[in-house]
């Protein structure tokens, strides 16, 4: 059965998934994918995913490239 609802975005662009929908999945993490003019939201179990994007220059750095040496410095700093 298809369920449709209209959700208003906050001024920060956030939307809330109804609790009844979230309760159907054993996760609090969701994959959001955009294609054409549609958004797809899927439940995600990060532990079961084989790959996870930690850094995305488009998403995390205003589309500016990051040199590998600079990324390595940050990773070493995080690792202690």
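Just so you know, all these numbers are worked out from the coordinates, no wet-lab data involved. The model shown is predicted, which means the values in this text are computed figures rather than measured ones. No Cβ is skipped: glycine too gets one built from the backbone with ideal geometry, and neighbour counts run over all protein chains shown.
Considering 4, 54, 66, the condition of being part of a loop (DSSP other than H, G, I, E, B) and under 13 Å from the mean Cα position of the chain (by Cα) is satisfied by 54 alone. For region 16-48, filtering for residues that are under 16 Å from residue 5 (Cβ atoms) and not in a strand (DSSP E or B) leaves 9. Do we find that residue 9 is surrounded by fewer than 10 Cβ atoms within 10 Å (Cβ to Cβ) and free of Cβ contacts under 8 Å to residues at least 40 places away in the same chain in this structure? Against the criterion (surrounded by fewer than 10 Cβ atoms within 10 Å (Cβ to Cβ) and free of Cβ contacts under 8 Å to residues at least 40 places away in the same chain), residue 9 qualifies.
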